[in-house]
Amino acid sequence: MEETIQIKDLYFKKLLSKEVIRKRVKGIAKRIDKDYCGKNPILLLTLKGAIIFAADLMREMEIPTQIETIIAKSYGMKIASEGKVEVIENPVNLKGKDIIIIEDIVDTGYTMQSLMNRLQSFEPNSIEICTLLFKPKNLVVPLQVKYIGFEIEPLFVVGYGLDYAEEGRNLRDIYIKID
Ligand code: IMP
């Protein structure tokens, strides 16, 4: 029988198992290793959702990297983005650096668009986005996402760092909302 879990008022079923996620994360790490060979990119981790993904990804990578964090908040207690994004910067010197933004999920794209705009002002050498999950049907802004783990349907998901009102981040698999 399919496992159903409840978080607060919502019900979820399993979408991606930890084994499937692990395999995909390894694949992305290999690609980044190849693309950034000879470079020392900064993995810019968006808090808090990308912590688990970033931790697994960087342990699969072999090239030297530096990790930095940034806070990008959009949902709060809700499950739908309103396009209002708050970006709290970390004052690390990004000038001339190769930045890879590590994100948990790209939904409308507002968060990544705001972040990219802010980061351009630091004059980095390059900026790319690496997201574990992507909801292409919800994307409303033009956005180039170089590394994508999984494209998913436009439904709310939790687990592997993703939360619903701060719960569910510790789930090892990824779960999708059911009615
Ligand atoms: P966007 O600005 O609409 O692209 O939303 C991106 C941010 O919203 C992500 O970094 C997540 O924090 C959050 N988010 C989007 N979709 C989901 C979801 O299905 N579950 C949990 N958080 C989500």
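The values are calculated or read from the model by the stated rules, or taken from the named source; none is laboratory data. What you see is a predicted model; the values in this text were computed from it and never measured. Neighbour counts are summed over all protein chains in view; Cβ atoms, including those assigned to glycine, are modelled from backbone coordinates with ideal geometry. With ligands, DNA and RNA removed, areas are computed over all heavy atoms of the protein, side chains included. Shrake-Rupley method; radii C 1.70, N 1.55, O 1.52, S 1.80 Å.
Looking only at the stretch 161-179, which residues are open to solvent by less than 20 Å² (accessible area, probe 1.4 Å) and either assigned to a loop (DSSP other than H, G, I, E, B) or farther than 21 Å from Ala29 by Cβ (or both)? Break it down into steps so the answer makes sense when it comes.
From the stretch 161-179, those open to solvent by less than 20 Å² (accessible area, probe 1.4 Å) are 161-162, 165, 168, 173-176; that's our starting set.
Within the stretch 161-179, Gly161, Ala165, Gly168, Asp173, Tyr175, Ile176 qualify.
Before we move on, is Leu155 in a strand (DSSP E or B), within 8 Å of the ligand (Cβ to nearest atom) and modelled with pLDDT of 95 or more? Working first, answer last.
Numbers: in a strand (DSSP E or B): no; within 8 Å of the ligand (Cβ to nearest atom): yes; modelled with pLDDT of 95 or more: yes.
No.
Could you list, in sequence order, the residues of the stretch 34-70 that are part of a strand (DSSP E or B) and either open to solvent by 40 Å² or more (accessible area, probe 1.4 Å) or away from the ligand (no atom under 12 Å from the Cβ) (or both)? Full working, then the answer.
Initial filter on the stretch 34-70 (part of a strand (DSSP E or B)): 42-47, 66-70.
Residues satisfying the conditions are Ile42, Leu43, Leu44, Leu47, Gln66, Ile67, Glu68, Thr69.
In the stretch 99-125, what residues are within 29 Å of Leu16 (Cβ to Cβ) and more than 16 Å from the ligand (Cβ to nearest atom)?
Within the stretch 99-125, the subset within 29 Å of Leu16 (Cβ to Cβ) is 99-116, 119.
Passing the criteria: only Ile99.
Which residue pairs have Cβ atoms closer than 7 Å, lie 6 or more positions apart in sequence or on different chains, and pair a first residue in the stretch 106-118 that is closer than 20 Å to Ile152 by Cα and open to solvent by 40 Å² or more (accessible area, probe 1.4 Å) with a second residue that is part of a helix (DSSP H, G or I) and more than 6 Å from the ligand (Cβ to nearest atom)?
The qualifying pairs do not exist here.
Could you list all residues from the stretch 88-128 that are hydrophobic (A, V, I, L, M, F, W, C) and over 19 Å from Ile174 (Cβ atoms)?
Once the filter is applied, which keeps residues that are hydrophobic (A, V, I, L, M, F, W, C) and over 19 Å from Ile174 (Cβ atoms), the stretch 88-128 yields Ile88, Val92, Leu94, Ile99, Ile100, Ile101, Met112, Leu115, Met116, Leu119, Phe122, Ile127.
Of the residues that sit in the stretch 126-146 and are in a loop (DSSP other than H, G, I, E, B) and open to solvent by less than 50 Å² (accessible area, probe 1.4 Å), which one is nearest to the ligand (Cβ to nearest atom)? Steps first, please.
Residues of the stretch 126-146 that are in a loop (DSSP other than H, G, I, E, B), as a first pass: 135, 139-146.
Next cut, open to solvent by less than 50 Å² (accessible area, probe 1.4 Å) only: 135, 141, 143, 145.
Numbers: Lys135: 7, Val141: 8, Leu143: 9, Val145: 10 Å.
Among them, the one singled out is Lys135.
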